[in-house]
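This report concerns only the one structure given below.
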Amino acid sequence: MSDVSDMNDASVQPQAVLARLRPWWSNNARDLPWRRPGTSPWGVLVSEVMSQQTPMIRVVPYWNAWMRVWPNPAALAKASSAEVITAWGKLGYPRRALRLQECARVVTADFGGELPDDSDALLSLPGVGEYTAAAVAAFAFGRRVAVVDTNIRRVISRVFDGVENYGGATTAADRARAAAALPAVTADSVLWNQAVMELGATVCTASSPQCETCPLNDVCAWRAADYPGMGEKPTRKRQKWRGTNRQVRGRVLDALRQKVTAGADSSGRGRAQLSSVELEALWPDQAQLRECVAGLDDDHLIDILPDGGVAFPNE
Ligand code: SF4
């Protein structure tokens, strides 16, 4: 990657990219509910947390249901763990649900129930990392801040530097690169973050960029250089799902969710639980099952009961 200071000397200028992104964004941005006018900053934060490990399009029904029940931090702060973990459904990585609730409690107790509007205060909240803080500052509060995610890094690297970005952890150079490309006018910077991210998610994807329909195809340095490094990304062997601890953990939580859903007290406060017999029937390898149950307990996603059964935490 070339040095950040080279950016202004490069043939691809951010203004030329912005001029192409602006109409593309207004005609092609997906109609996601949290992008609609009137969405609260809290709603934007919820969408960002839900989509951390899950494609946005899968998040939509969960976000809609979640925001109907818990439209603000105060409402979520009062929910039970059983309700929260149940509503998280199949979004995956359910510790995120509990962290989001922790965040809601801190916002309610320490910030008067309103999300703070700058990146540093956002960063102090439970479960809010650098990316999420920047995304909320930009998308919810209209701040000029460089948002850096995998999609933005890939598009910037390809378009401006003409090199492939192979992912991995965000580096200081990635952040500096994104900051250098960010338009100076605040309103433009908000559009820029959204549009570059959307382009990376829908057009300039990692494995099959659709250059023919891309609004940047006449200025893209990577395309002009004939895609150096295309397909050379060192691939990590994909962890198979079947038989993994993730599958077992998901099965235990699913069984508990079904109990909550079917329970007499649909709020989950009736403490739906699985007996030890029901638990053992969930998975044939009992040693693996015990390991997973212990892990869920350590993560505060379930309680192990004295009789060997399990329940959602009684909080
Ligand atoms: S022209 Fe192709 S490589 Fe360049 S930004 Fe568009 S989709 Fe990505």
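The values are calculated or read from the model by the stated rules, or taken from the named source; none is laboratory data. A quick note: this is a predicted structure, and the numbers were derived from the prediction, not measured. Every residue, glycine as well, gets a Cβ built from its backbone with ideal geometry; the counts of neighbours run over all protein chains shown. What goes into the accessible areas is simple: the full protein's heavy atoms, side chains included, and nothing from ligands, DNA or RNA. Shrake-Rupley method; radii C 1.70, N 1.55, O 1.52, S 1.80 Å.
Before moving on, here are some points about what is shown:
- Ranking Gly308, Leu289, Leu274 by Cα position along the charge dipole of the stretch 245-311, where only Lys, Arg, Asp and Glu carry charges on their C-beta atoms, puts Leu274 farthest toward the positive end.
- The overall shape of the stretch 40-139 is oblate: from the C-alpha gyration tensor, with semi-axes ordered a ≥ b ≥ c, the ratio a/c is 1.5 or greater and a/b is no larger than b/c.
- Set of lysines near Lys240 by C-alpha distance (under 24 Å), chain-local residues within fewer than 8 positions excluded: Lys90
- Accessible-area order (highest first, 1.4 angstrom probe) of the listed residues Ser275, Ser157: Ser275, Ser157
- Per residue, the chain reaches -15000 deg cm²/dmol at 222 nm when only DSSP H runs of four or more residues are counted, each adding -39500 (n - 2.57).
- Shape of the stretch 123-195, Cα gyration tensor, a/c cut at 1.5: oblate
- Close amide H pairs (under 5 Å, H built 1.01 Å from N) link Asp303 with Ala311, Phe312, residues at least 5 positions away or on another chain.
- Global form of the chain, assessed from the alpha-carbon gyration tensor, a/c cut-off 1.5: prolate
- Rounded Å value of the spacing that divides the Cα centres of the stretch 269-308 and the stretch 92-111: 24 Å
- The residues Arg68, Arg35, sorted by heavy-atom accessible surface at 1.4 Å with ligands and nucleic acids left out, run Arg68, Arg35 from largest to smallest.
- Accessible surface area normalised per residue over the chain is 49 Å², counting heavy atoms of protein chains with a 1.4 Å rolling probe.
- Lys90 - accessible surface, heavy atoms, 1.4 Å probe, Å² rounded to 10: 120 Å²
- The heavy atoms of Phe160 present about 10 square angstrom of accessible area, all protein chains included, probe 1.4 Å.
- Spatial separation of Cα centroids for the stretch 189-232 and the stretch 131-177, in angstrom: 14 Å
- Relative contact order (%) - criterion: Cα under 8 Å, at least six apart; region: the chain: 18 percent
- Among Arg153, Arg144, Arg242, the sequence by solvent-accessible area, most first, with a 1.4 Å probe is Arg242, Arg144, Arg153.
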